[in-house]
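Quick one: this structure, given as C-alpha cells, is what I'll be asking you about.
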Amino acid sequence: THLPENAVIASPSGHATLNNAIWKLQTVPKIKHFLWKVVSRSLPTGDMLRRRHITREATCLRCCQHDETINHLLFVCPYAQQVWR
C-alpha cells in the first residue's frame with residue numbers, strides 16, 4: 001500500500017519538531033514516510049512484532065546474530081554496515 005501524498009499522519013508525542021522537519025524535506029513521499037516510521041518506532045522489526053505477539057522470533061533474518069531492532073536493522077547489522085560504507 002502507498003501513503004497518499006496529501007495524507008496527514010499524527011506526530012508521536014514529543015517528536016513535533018522532528019516530525020515537521022521530516023515532512024518538509026525535499027524528497028519523495030515514500031522516503032518521508034519511511035523516516036517518520038523510523039522516528040516513531042513503527043517499523044515492523046522482529047523486536048516490535050514479538051512485542052505485539054505477532055511472532056515469537058525477533059532474530060534478524062539477515063545476520064541471525066541479534067534481535068532485529070530499528071537500530072540493529074539500520075546500523076548494527078553487518079549487512080547494514082556494508083550499505084553505509
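What is the distance in Å between the Cα centroid of region 44-81 and that of region 15-41?
Cα centroid of region 44-81 versus Cα centroid of region 15-41: 21 Å apart.
Let me ask something else about it. When the Karplus curve 6.51 cos²θ - 1.76 cosθ + 1.60 is applied with θ = phi - 60°, which whole-Hz ³J(HN,Hα) does each residue of region 50-66 get, with x for Gly and Pro?
With the stated coefficients, region 50-66 comes to 5, 4, 8, 6, 8, 9, 8, 9, 10, 5, 4, 6, 8, 9, 6, 10, 9 Hz.
Applying the Karplus parametrisation 6.51 cos²θ - 1.76 cosθ + 1.60 with θ = phi - 60° to the phi angles of region 35-48, what ³J(HN,Hα) value in whole Hz is obtained for each residue in order, glycine and proline being reported as x?
4, 4, 5, 5, 6, 8, 6, 10, 5, x, 6, x, 4, 5
Which far-off residues, 5 or more places away or on another chain, put their amide H under 5 Å from the one on ASP67, with H placed in the peptide plane?
For ASP67, whose amide H was placed from the backbone, the distant partners under 5 Å are CYS60.
Still on this structure, please answer the following. Using θ = phi - 60° and the Karplus form 6.51 cos²θ - 1.76 cosθ + 1.60, what ³J(HN,Hα) does each residue of region 67-72 get, whole Hz, x for Gly and Pro?
Computed from phi, the couplings for region 67-72 are 5, 7, 9, 4, 4, 5 Hz.
Only the coordinates and a few stated rules stand behind these numbers; no lab work does. Nothing here was measured: the structure is a model prediction, and the numbers come from that model.
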